[in-house]
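Enquirer: Please read through the structure below; I'll follow up with questions.
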Amino acid sequence: HMYFFEGGLRRVRPYFYVFSLHVKQRMMGKSVLQGMQEEFTAQSPQYYERAIQDGRIRVNGMHVDVGHVLRGHDAITH
């Protein structure tokens, strides 16, 4: 079951969701760090930098450096 009851409340079991996107033309030629910061402003620049360094944000399934330059047909997962 995806949920359970605790203290009279229905709760959802934790799950992982992999967010993926294909590099847009406006992101091409920028670093993965810059592209993430400009496209997704909900998190701080420090969050994205750490997520890339930790390998939580990947390009084409590979752990990359924050300075990795994005190209067309790249896929980013987080």
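Enquirer: Within the range 42-59, which residues are more than 12 Å from the chain's Cα centre (by Cα) and either closer than 18 Å to V23 by Cβ or hydroxyl-bearing (S, T, Y) (or both)?
Expert: Scanning the range 42-59 gives a single hit, S44.
Enquirer: So how many residues does the range 49-78 have that are more than 16 Å from K24 (Cα to Cα), of a type in the set (K, R) and assigned to a loop (DSSP other than H, G, I, E, B)?
Expert: So the answer is 1.
Enquirer: For A42, only one of the following conditions fails: (1) aliphatic (A, V, I, L, M); (2) open to solvent by 30 Å² or more (accessible area, probe 1.4 Å); (3) part of a helix (DSSP H, G or I). What is its number?
Expert: If we test A42 against (1) aliphatic (A, V, I, L, M); (2) open to solvent by 30 Å² or more (accessible area, probe 1.4 Å); (3) part of a helix (DSSP H, G or I), just (3) comes out false.
The values are calculated or read from the model by the stated rules, or taken from the named source; none is laboratory data. Just so it is clear, the structure is predicted and the values come from calculations on it, not from any experiment. Virtual Cβ from ideal backbone geometry, glycine too; neighbours counted across all protein chains shown. Each accessible area value is taken on the protein alone, full model and side chains, heavy atoms only, with ligands, DNA and RNA left out. Shrake-Rupley method; radii C 1.70, N 1.55, O 1.52, S 1.80 Å.
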